[in-house]
Amino acid sequence: MAIRQLPRTATPGGGFSVSFPAMRGIQAKREYYVIMCPLRYLPRLFLFDEEDVPADLRAQRTLNKGRLPALTHYVVGNRDDYVFSALTASVDGEMTFVPVDESNTDAHRLGVLHISLDSRFLINDGQHRRAAIEEAMKEDPTLAEETIAIVVFTDEDLRRSQQMFADLNRHAVRPAKSIGVLYDHRDDDSGIARLIVLKSDFFKTIVEMERSTLSARSRKLFTLSAVYNATQHLLAGLQYDALPEAADVARSYWEAVAVHIPEWNAVRQGQVTAGEVRADFIHSHGIALHALGRVGNTMLRESTEPKKWSRTLAKLKGLDWSRANTSLWEGRALVGGRVSKASNNVVLTTNVLRHCLGQPLSPEEQRVEDAYRKGRL
């Protein structure tokens, strides 16, 4: 799409202005505007506070440059279907809104917003999106011809701008990872996790698809995010021709594991509640799935035959998964009686399973094991 050069017109008070198609609205008895801004003008007009200014004199947090590569890759890598929500900005300077038709109740909110070029344009929310767009345009200059919505407020003073930042972020809630996995159709690992659950008669009844935490009363035994994380470790470094093939292999493995953990089957059959099993056993927590994924990766590298997996996994029946078995699990999966997801605890839990299944420890696993044993002397 072609975008013409933004017109520069004289403002009522003299000087020049830049003009944007806009909609006018009211919040808290103050006018604000929603404009369509060509991406090429973001780096030139809309700024964020300088990093060397003290925090109490800024209206924004400092830019986290570590976030930019992922955001930039997202835009460039999804050139035909990336999505960015509107930025929020404050303008310290003269603004004039000219409606299309002041007499028309519908059209009087539509028009052109003229902003003096002497104004200061400050990003209140969306500084990382703005910076990523700037970097993405260096890789793909055609992005300059596209637009982004910007919600524009009048910059009254530093106090007001700081309060806007606080208010905009006060109620922001990151969605649960499980629902992110459920809705993410770009990520192959997410697709594999969905297929495992949806195609498995066993897992589709006991996996929570939206939430990433389970209440004591939940009827579900695992979360989709836990299946996702564990399956990433299960398939790490393995190559498959297609996503459904990878999902079928992973599903076969997890179903083979389920055969040898009676409590999982008892939950599915309604003989015990999921809450009771999670309260009493280690195997129904994310750390156990993670560890089972790691040992499973070793098994898949050695054999693609499910029958061989099943013979090896049958040894799990001899493992006491009870949380009451503190001589085994305390310091490994448990810290002070509570399940821990720390990386060292994942490794130490994996080591228990490797010993149970007759697998050797990797050098890193052996190092963690030695440190654990030394600490218990």
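The values are calculated or read from the model by the stated rules, or taken from the named source; none is laboratory data. Just so it is clear, the structure is predicted and the values come from calculations on it, not from any experiment. Cβ sites come from the backbone with ideal geometry, for glycine too, and all protein chains shown count toward neighbours. With ligands, DNA and RNA removed, areas are computed over all heavy atoms of the protein, side chains included. Shrake-Rupley method; radii C 1.70, N 1.55, O 1.52, S 1.80 Å.
Exceeding 23 Å between C-alpha atoms, which entries from my cross-link table qualify? They are Lys315/Lys374; Lys308/Lys341; Lys138/Lys177; Lys177/Lys204. Those over the limit are Lys315/Lys374; Lys308/Lys341; Lys138/Lys177. Would you please classify the overall shape of region 179-273 from the alpha carbon gyration tensor, given that a ≥ b ≥ c denote the square roots of the eigenvalues, rounded means a/c under 1.5, and beyond that prolate means a/b larger than b/c while oblate covers the rest? Since a/c reaches 1.5 but b/c is at least a/b, the shape of region 179-273 is classed as oblate. Placing unit charges on the Cβ atoms only, positive for Lys and Arg and negative for Asp and Glu, gives the chain a dipole magnitude near 1620 debye about its Cα centre. The C-alpha atoms of the chain define a longest principal axis, and helix 68-77 lies at about 90 degrees to it. Rolling a 1.4 Å probe over the protein heavy atoms of the chain, with every protein chain left in place, gives an accessible area that is 51 percent carbon and sulfur. Amide hydrogen proximity for Phe281: with H placed 1.01 Å from N in the peptide plane, the residues at 5 or more positions away or on another chain lying under 5 Å are Arg323. Placing a label point 7 Å from the Cα of Ala371 along the Cα-to-Cβ direction, the residues of region 324-356 with a backbone N closer than 13 Å are 342-348. Compared with the dominant Cα axis of the chain, that is its longest principal axis, helix 243-259 is turned about 40°. The simple spin-label model puts a point 7 Å past each Cα toward its Cβ; for Ser327 and Leu238 those points are separated by 3.5 nm. Quickly estimate the mean residue ellipticity at 222 nm for the chain, helices only: each DSSP H run with n ≥ 4 gives -39500 (n - 2.57), and the total goes over all residues, rounded to 500. Dividing the helical sum by the residues of the chain leaves -12500 deg cm²/dmol.
Peptides 62-70, 223-231, 284-292 ranked from most to least packed by the mean count of surrounding Cβ atoms within 10 Å: 223-231, 284-292, 62-70. Taken per residue, the accessible surface of region 206-275 reaches 49 Å², heavy atoms only and a 1.4 Å probe. Here region 276-360 has an Rg and Dmax of 12.8, 40 Å, counting Cα atoms alone. Over the chain, Cα pairs under 8 Å with separation of 6+ residues give a relative contact order of 13 percent.
Close amide-amide hydrogen proximity is noted between Ser212 and Lys177, Ser178, each under 5 Å apart and 5 or more residues distant or on a separate chain (H modeled in the peptide plane; Pro and chain starts excluded).
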